[in-house]
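Peer 1: My structure is below; once you've seen it, I'll send some questions.
The values are calculated or read from the model by the stated rules, or taken from the named source; none is laboratory data. It should be emphasised that the depicted structure is a prediction, and the values quoted were computed from it without experimental measurement. When the accessible area is computed, the model is the full protein with side chains, heavy atoms only, and any ligands, DNA or RNA have been set aside. Shrake-Rupley method; radii C 1.70, N 1.55, O 1.52, S 1.80 Å.
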Amino acid sequence: MPSPVIDVDYEQPAARAGAVGDTRHAWARVPAEPAPDQRVALKERIRRLLQERNAVMVSHFYVHPDLQDLAEETGGIVSDSLEMARFGRDHAAQTLVVSGVRFMGETAKILSPEKRVLMPDLDANCSLDLGCPVDEFSAFCDRHPDRTVVVYANTSAAVKARADWLVTSSCALDVVSALHAQGRKILWAPDRHLGDYIQRQTGADMVSWNGACIVHDEFKSLELELLMKEHPKAKVLVHPESPADVIALADAVGSTSAILNAAQRMDASEFIVATDTGMLHKLRTLNPGKTFIEAPTAGNGGTCKSCAHCPWMAMNGLVELANALQTGAGEIHVDPALGLRARVPIDRMLAFTAGLKNGQAPGSLVAGIGAA
């Protein structure tokens with residue numbers, strides 16, 4: 001029986017100086033939860049198929065806990081999109097199984113064109129990617145030819161190919177800070193909240209595309225303040241794709257990896273978490289003595305829309321994963337010529353972050369790259 005299909009109810013960002021694509025007609029499938037005995041059988045089948053296909057799993061923190069646990073149990077990784085990119089590139093397996101959303105599978109294929117890249121469901125998408133069509137984005141770039149184009153990982157291969165730099169939320173501040181220090185003006189896409197946060201932190205001259213994440217855009221400061229009063233000792237952890245008034249209430253702001261690190265580092269036993277609820281599984285696993293509470297989300301009139309879980313991430317299931325490994329369904333293809341162009345900003349990001357880790361000066365890592 002096919003999975004039910006839901007319409008993704010997503011408010012369009014209000015018009016402003018940037019631009020935005022239309023995601024109002026997006027949709028997602030809802031996989032059925034396997035029965036306990038079926039779940040055990042599916043996991044065993046997937047383990048066997050991974051070995052037979054010389055495959056490794058790469059899972060994002062936002063997918064179902066079963067897919068997170070299975071990735072780690074079979075020698076794969078659960079991580080943010082930056083580490084997913086590194087791991088897939090460097091692993092010896094000839095098949096990568098990416099549990100996440102489509103841009104993550106495309107990035108894996110761009111970095112490993114010789115490998116087979118499979119996804120549980122190719123229709124698992126991202127509101128940021130859907131809302132930044134390459135034709136409109138290219139026209140936006142053409143209107144600002146003097147700017148260095150920096151795009152977030154949550155974009156299509158075609159948008160990446162138009163960029164000077166790719167960033168994730170874990171390295172965006174460092175990259176933009178280094179570019180700003182060299183006097184570069186920035187064109188940013190697609191998440192306006194993350195772009196605004198980076199601009200506030202760095203003071204960079206930035207123009208931004210007007211996109212938003214369907215999950216993080218729904219966090220509300222009023223409801224968060226009320227929850228904080230109920231839990232006065234709780235620390236607040238916020239992803240920077242959230243609105244500015246939510247970020248202003250945070251004790252720590254950062255990527256999924258930064259949120260994990262903050263929860264382990266901070267002297268608190270209770271945390272309110274403003275990011276996709278898929279993160280709570282790893283947070284609770286790594287911090288068994290601590291309590292993690294979902295930050296509130298609400299749409300117009302207080303009606304919950306996203307409920308802090310991406311409907312496309314939810315499309316990744318054990319049944320779909322097993323089918324992809326068994327039949328080859330869900331294989332990612334990227335035009336080789338497009339992939340070569342898209343790889344340039346990705347490789348720059350990976351080289352930049354590796355250089356920082358090795359103690360190189362940020363300015364030396366961005367010198368001569370991008371618009372003057």
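Peer 1: Relative contact order of the chain, please, whole-number percent, based on alpha carbon pairs below 8 angstrom and at least 6 residues apart.
Peer 2: 22 percent.
Peer 1: Here's something else I'd like to know. Compute, for R116, the solvent-accessible surface of its heavy atoms (probe 1.4 Å) with the complete set of protein chains present, and express it in square angstrom to the nearest 10.
Peer 2: Around 90 Å² of this residue is reachable by solvent.
Peer 1: Turning to a different aspect of this structure: Excluding residues fewer than 8 places away in the same chain, name every one of the aspartates and glutamates whose C-alpha is closer than 14 Å to that of K229.
Peer 2: Once the sequence-local aspartates and glutamates are set aside, what remains near K229 is E270.
Peer 1: Once you've got the Cα coordinates, tell me which of K43/K160; K109/K220; K160/K235; K160/K290; K220/K282; K43/K357 are over 31 Å apart.
Peer 2: Correct reply: K43/K160; K109/K220; K160/K235; K160/K290; K43/K357.
Peer 1: Counting DSSP beta bridges in the chain, what percent are antiparallel, to the nearest 5?
Peer 2: Roughly 15 percent of the DSSP beta bridges within the chain come out antiparallel.
Peer 1: While we're looking at this one, here's another question. Before anything else, pin down the relative contact order of region 51-132: Cα pairs under 8 Å, at least 6 apart, normalised by residue count, whole percent.
Peer 2: Relative CO of region 51-132 lands at 28 percent.
Peer 1: What Kirkwood hydrodynamic radius do you get for region 152-296 when you take the inverse of the mean 1/r over all pairs of distinct Cα atoms, in Å?
Peer 2: Final number for the Kirkwood radius of region 152-296 is 16.0 Å.
Peer 1: So what's the gap between the Cα centers of region 30-58 and region 149-200, to the nearest angstrom?
Peer 2: Taking the Cα centre of region 149-200 as reference, the centre of region 30-58 is 36 Å away.
Peer 1: Report in % the part of the accessible area of the chain that belongs to carbon and sulfur, leaving out ligands and nucleic acids; probe 1.4 Å.
Peer 2: Using a 1.4 Å probe with all protein chains present, the chain comes out at 51 percent carbon and sulfur.
Peer 1: Send over a whole-number figure in Å² for the accessible area per residue of the chain, probe 1.4 Å.
Peer 2: Values: 15200 Å² over 372 residues.
Per residue, the chain has an accessible area of 41 Å².
Peer 1: On to the next question. How large is the convex hull of the Cα atoms of region 184-266 per residue, expressed in Å³ as a whole number?
Peer 2: 101 Å³
Peer 1: Still on this structure: Given a 10 angstrom Cα cut-off, can you work out which residue in N316, N210, N54 is the most mobile in a GNM of the chain?
Peer 2: N54
Peer 1: Sorted by accessible area (1.4 Å probe), largest first, how do K357, K235, K43 line up?
Peer 2: On the way: K357 180, K235 70, K43 30 Å².
Largest accessible area first, the list is K357, K235, K43.
Peer 1: How long are the semi-axes of the ellipsoid equivalent to the chain, from square roots of 5 times the Cα gyration tensor eigenvalues, in whole Å, largest first?
Peer 2: Largest first, the chain gives 29, 26, 21 Å.
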